[in-house]
Amino acid sequence: MASMGEQNGVVSTRPVMADNKSFADFEPAVKKPKRNKFAFACAILASLTSILLGYDIGVMSGAIIYIKEDLKINDVQKEILMGILNVYSLVGSCAAGRTSDWVGRRYTIVLAGAIFFLGALLMGFATSYAFLMVGRFVAGIGVGYALMIAPVYTAEVSPASSRGFLTSFPEVFINGGILLGYVSNYAFSKLPTDLGWRFMLGVGAIPSVFLAVGVLAMPESPRWLVMQGRLGEAKKVLDKTSDSIEEAQLRLSEIKEAAGIPQECTDDVVKVQKRSHGEGVWKELLLYPTPAVRHVLICGIGIHFFQQASGIDAVVLYSPTIFEKAGITSSDGKLLTTVAVGFVKTITILIATFLLDRIGRRRLLLSSIIGMVASLTTLGFSLTIIDHSHEKIPWAVGLCITMVLAYVALFSIGMGPITWVYSSEIFPLRLRAQGASMGVAVNRVTSGVISMTFISLYEAISIGGAFFLFAGIAMVATLFFYMFYPETQGKTLEEMEGLFGKFIGWREEAKKLKMKKTMEVNGDGTGNGQIQLGNSTTK
């Protein structure tokens, strides 16, 4: 666990720099530097990969109306077509960890864009259901690559002062992609049926072209460069992406320690043990984890599972169906109301990015999931009333639409972005790529199951019953998060090691760390009021 918390952009207590500074000197609570524009630009470009998934989710929700009519598919085929991309993306997400350790984070992003480009073209030119499924398979691989690599790269390039802000960008662009997909549905809905859905799916290739070109202007991740022994290049990237030269030095020191490179090594290129391609990582993650790694793994996988199991993809993918059940029957009405869903999701995720580094992860997450429970329960109630009524009930229809919008807003303000921020923060450097890929795999499997069974689910237990079920899952998630998830905002390596590994007792440890930090900040007569977390002999 020598590297735990490294992605927080903070240096370990071993070794301490000669000037006795630590990352506490650069935390937002102590000093609020201006946003690093270069890191901001890198995070934007990397996170653009997430727009591919968002666009596919959004556009398929409307395109399926016309696909069903043109290709004459049944409800089971419709379910499979809607959700299978999430299962196919497993291939990409599982391969992305090893690929990103092999060729680097940057070229993995380029590869994600290229694969999705091919998949979008195949879907656009599909002449049959089987042909369309091939296109979904190829696009799914690209989505899997994009989902795994975007938060990893962004976390590794972000300075400590804006880590939460920047690592929430992938979720921002997922929501932006969903909105673009909804708008595309409405824009092409006036075309002939056999052309409209093909244009909706095919134009998804355009963003991937700009993505692949733009990413070539990005630097490689400094963490990956150090793991390859390319210290000179890593130092240049850190100088550009840190808020100060001192912080860049501290970040480099931390990454060198995590990579097993002696601190006295200052050559531009050094030899390192080639262990960054997955050797021993799976054993450390799954077979012989330390208590801290086990806690991190459960938290990382758990948050991805509950993000999808609480029903977000069912709402987004099947929003036209939900609004139809609520009493909106015209195609234009369903598509326009769906655009409103995308607009609300995009606005609220933008608000969330500015709250992550101010309010903290845990508080936002719990507030979000509690609100989701309330909105899902109310949505289930309103749909049940409508389902059992023989005439249109305006107040129930209005309540249903309001609760859908409230649910997606509450999801996007907390649960949506925090899933990616939290899971990209807590894994140590050596385990990060594989740990992140496991989280994405669970995310996609859960999403695929929900997406491919939603129609069968609501036919079996009613549309209202389906949302009562999602509300119950969200209640379980609330208890899970409250019990096991410590706050990670601004935590140093030492604090991370103390918090993770104690499933129940982490609160007491957090209180002790807070008291210790307060004493160190105030000064105890020996530290002159400076934050001193260790000394050069600490091991």
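The values are calculated or read from the model by the stated rules, or taken from the named source; none is laboratory data. It should be emphasised that the depicted structure is a prediction, and the values quoted were computed from it without experimental measurement. FYI the Cβ positions are ideal-geometry reconstructions off the backbone, even for glycines, and counts take in every protein chain you see. Remember, those area values only see protein heavy atoms, side chains included, never the ligands or the DNA or RNA. Shrake-Rupley method; radii C 1.70, N 1.55, O 1.52, S 1.80 Å.
Restricting the stretch 68-111 to residues that are free of Cβ contacts under 8 Å to residues at least 60 places away in the same chain and part of a loop (DSSP other than H, G, I, E, B) leaves a set whose member that is least open to solvent (accessible area, probe 1.4 Å) is 73. Looking across the stretch 112-130, the residues that are in a helix (DSSP H, G or I), under 18 Å from residue 184 (Cα atoms) and touching a residue at least 60 places away in the same chain (Cβ under 8 Å) come down to 116, 117, 120, 121, 123, 124. Looking for something touching a helix residue (DSSP H, G or I) at 6+ places or on another chain (Cβ under 6 Å), under 26 Å from residue 250 (Cα atoms) and either open to solvent by less than 50 Å² (accessible area, probe 1.4 Å) or at pLDDT below 85 (or both) - is there at least one such residue anywhere in the stretch 46-58? Yes, the conditions are met somewhere in the stretch 46-58.
Looking only at residues of the stretch 372-385 that are more than 30 Å from the chain's Cα centre (by Cα) and surrounded by fewer than 20 Cβ atoms within 10 Å (Cβ to Cβ), we find that the one that is nearest to residue 470 (Cα to Cα) is 381. Taken over the stretch 212-247, the residue count meeting the criterion of being open to solvent by 10 Å² or more (accessible area, probe 1.4 Å), part of a helix (DSSP H, G or I) and within 17 Å of residue 47 (Cβ to Cβ) is 3.
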